[in-house]
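The values are calculated or read from the model by the stated rules, or taken from the named source; none is laboratory data. Since the structure is predicted, the reported quantities are computational estimates derived from the model, not experimental observations. FYI the Cβ positions are ideal-geometry reconstructions off the backbone, even for glycines, and counts take in every protein chain you see. What goes into the accessible areas is simple: the full protein's heavy atoms, side chains included, and nothing from ligands, DNA or RNA. Shrake-Rupley method; radii C 1.70, N 1.55, O 1.52, S 1.80 Å.
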Amino acid sequence: MNALVHETITLSRRIPFPCAEVWDAYADPARRCVWGVPAGEGIEYAAEHFREGGRESYRCGPLGSLDFLVEAQYLRVVEQQLIVYAETVWTNETPLSSALVSWTLEPLGGATQVAVTSQVTSFVGAGMIEGSRSGHRIVLAQLGRFLADAAADAPDPGGMEGPGGYGER
């Protein structure tokens, strides 16, 4: 029985933060570890070189059991605009899926329209396709929440709270 399945997944979300902030949240692997995995799962980078031609390698999966190895190569990186990478997901030296993934960032006033397109091939059936779709949907939502939480926790840039300063509210 052939378990090979192909699909193109396209998801988009308006994130109410400028492209520079969205870009910085992606470009920093420590920040990406916070928003880039679904709740109850973990990620641990072995290598991370976010640049054109760069490679990354990480383990991910349920906390305490990072059973999946992801190896990726960045093919095109245009700051605050475009990220394209090819990735393969493995478990126990068996490839589960390969994908060509693009992230596009489009400014919308003070917000950013983020679109993720994944041309994925599963070697183990439709479950990997659904897992990819669900994972991208979740991380897009978490990226927006991560930025909102970071903005809420940011100190007052002038050092004075309230509209009149000096703690006045």
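Working ranking of peptides 95-104, 25-34 by packing, defined as the average number of other Cβ atoms within 10 Å per residue, highest first, is 95-104, 25-34. Amide H contacts of residue 54 (H built 1.01 Å from N, in plane; Pro and chain starts excluded): 74 sit under 5 Å, all sequence-distant by 5 or more or on other chains.
In sequence order, the stretch 6-16 has phi-based couplings of 10, 7, 9, 10, 10, 10, 9, 8, 8, 10, x Hz under the Karplus curve 6.51 cos²θ - 1.76 cosθ + 1.60, θ = phi - 60°, and Gly or Pro positions carry x.
Amide H contacts under 5 Å for residue 97: 89, 123, restricted to partners 5 or more places along the chain or on a different chain, H placed in the peptide plane at 1.01 Å from N. Note on residue 94: accessible area is roughly 70 Å² with a 1.4 Å probe, heavy atoms of protein only.
Name the residue farthest towards the positive end of the dipole of the stretch 23-95 from the options 58, 43, 29, assuming +1 on Cβ of Lys and Arg, -1 on Cβ of Asp and Glu, about the Cα centre. The one lying farthest along the dipole's positive direction is 29. Sequentially through the stretch 24-31, phi angles give Karplus couplings (6.51, -1.76, 1.60; θ = phi - 60°) of 4, 5, 7, 5, 8, x, 5, 6 Hz, Gly and Pro residues having no value and appearing as x. Taking only protein heavy atoms and a 1.4 Å probe, the accessible area of the chain is 53% carbon and sulfur. At 222 nm, what helix-only mean residue ellipticity would the chain give, in deg cm²/dmol to the nearest 500, using -39500 (n - 2.57) for each DSSP H run of four or more? So the helix-based figure for the chain works out to -8500 deg cm²/dmol. In the chain, Rg over Rh equals 1.04, where Rg is the alpha-carbon radius of gyration and Rh the Kirkwood radius from pairwise Cα distances. Our note on the geometry: Cα centres of the stretch 101-121 and the stretch 1-77, 14 Å apart.
According to the calculation over all Cα-Cα pairs in the stretch 43-89, the P(r) per 10 Å bin from zero is 28, 45, 23, 4 %. Backbone amide hydrogens, once placed in the peptide plane, bring residue 17 within less than 5 Å of 112, excluding anything fewer than 5 places away on its chain. Scalar couplings 3J(HN,Hα) for the stretch 101-115, obtained by applying the Karplus form with A = 6.51, B = -1.76, C = 1.60 to θ = phi - 60°, are 10, 10, 10, 10, 10, 10, x, 10, x, x, 10, 9, 8, 9, 10 Hz; x denotes Gly and Pro. Solvent-accessible area per residue in the stretch 25-108 equals 52 Å², computed with a 1.4 angstrom probe and all protein chains kept.
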